[in-house]
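Read the structure below first, then the notes.
The values are calculated or read from the model by the stated rules, or taken from the named source; none is laboratory data. For clarity, every value in this text was computed on a predicted model and none was experimentally measured. Please note: Cβ atoms are built from the backbone with ideal geometry, for glycine as well, and neighbour counts cover all protein chains shown. Just the protein is used for accessible areas: all its heavy atoms, side chains included, with ligands, DNA and RNA removed. Shrake-Rupley method; radii C 1.70, N 1.55, O 1.52, S 1.80 Å.
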Amino acid sequence: MKRQKIGLILTGGGARAAYQVGVLKAIAEFMPYRSHMPFDVVCGTSAGALNAVTLAVNARHFRKGVRFMLSIWSNARVSDIYRSDALGVLSNSARWIAGLLLSVLGSRRLDQVSLLDNRPMRTFLERTLPCELIQAAIDDGLLHALSVTASGYGSGHSVTFYQGAASIEPWKRARRVGLPTQISIQHMLASSAIPFLFPAVHVNREYFGDGSMRQIAPISSALHMGAERVLVVGVGHGASEQDDKRAKIDGYPALAEIAGHALDSIFIDGLEVDLERLHRINATISMMPPDVKGKIKLQHIEALVITPSQPLERIAERHAANLPWPIRLLLRLVGVMRGSGANLVSYLLFEKHYCRALIDLGYQDAFKRRAEILEFFEQGGSPTCNDMPQ
């Protein structure tokens, strides 16, 4: 059977991306021990971009790459991502407030600031991810393409920066484009620049923010780069019937609630809409007669989606006390630490206890779907290990 190109889509979500590592840990155990990465196309957005690049750098040894991610996320500290010391939080918050005031007066000297200082993340990424290995993986045929998506503040476009085989052509659609480049730390920082929380990053000719903003078609990038079936690892818990019931709430929403709601809209909603669109197109194609199918450019895309079986914000509530006290104080000022802001905390809680809980959840969720995952790879013609213990 001709092997199909398999795409992996890792969505954004700040600290929630630790869940993806647990899913990948389980998948690595399903593969032959010394196999290279089973994904031909890897697409990452926001924090998912960091995991995507880690896999690409370690494409020759899939398990080694997953173990490396496990080591990073299992020992995560907020201080590796943004400044959490009292002096850093105080000075950055003061600059942020001063920037807002001066911008009202027309000054642009202090407006390039954010609520949190994420300079530690640049240092951390430069120390741990040798991006020059990406091209070596492509040249050796271990990887067909890698992409990192960011949102341009000037153009309003969702820009997918990709590095891959020469046969891949750039694309341009409504409000989204694909541009060939050499993926670097700068692209990862731009893709993970959560609006208001982290500063925008200048790449080429404009400033970029988190790639999940305005990403109306998260799956399309993988298809443009040649993927014929996709595995999607999301970070949003699917709504249950109980969640869908609208409760009567008289109190005005806290700022933290509004911020958490906005982040959910950025990181989760786009994927759910795109998956719904994909399923609808697949259903339409399945009803077409063979002679019609040959005349259209649409094709059936098999998609396997893995998302958390539990709401991650509830897990974040149990671990919120692990945040450094200056960050807890800062978040308490905007109402986050008073029970209504667990959503926002779930994106910022880069601490090992919370991350380990998400990794365990991702592992369990993927292991429960072991047969389904193995079938997904086998139908695509990929080698898998079928003698794993049940």
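At-a-glance table
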quantity	calculated
Cα-projected label distance for Glu302 with Leu133, points at 7 Å along beta-carbon direction, nm	3.0 nm
Fully extended contour minus Cα-Cα distance, from Asn204 to Ser74, at 0.36 nm per residue	43.4 nm
Listed residue pairs exceeding 22 Å between alpha carbons, taken from Lys2/Lys25; Lys172/Lys297; Lys25/Lys64	Lys2/Lys25
Formal net charge of residues neighbouring Ala357 (Cβ-Cβ distance under 12 Å; K, R +1; D, E -1)	+2
Linear extension gain, Arg277 paired with Asp85, 0.36 nm per residue minus alpha-carbon span	64.6 nm
Peptides ranked, highest mean first, by Cβ atoms within 10 Å: ranges 275-285, 354-364	354-364, 275-285
Separation between Cα centres of region 181-218 and region 347-362, rounded to whole Å	23 Å
Largest-first principal axis extents, alpha carbons of region 24-99, Å	55, 24, 17
Nearest-10 value in Å² for the accessible area of Leu298, using the 1.4 Å probe	90 Å²
Stretch gain in nm, segment Met287-Ile216, where the contour uses 0.36 nm per residue and the Cα spacing is subtracted	23.0 nm
Sequence of Asp40, Asp85, Asp140 from largest to smallest accessible area, 1.4 Å probe	Asp140, Asp85, Asp40
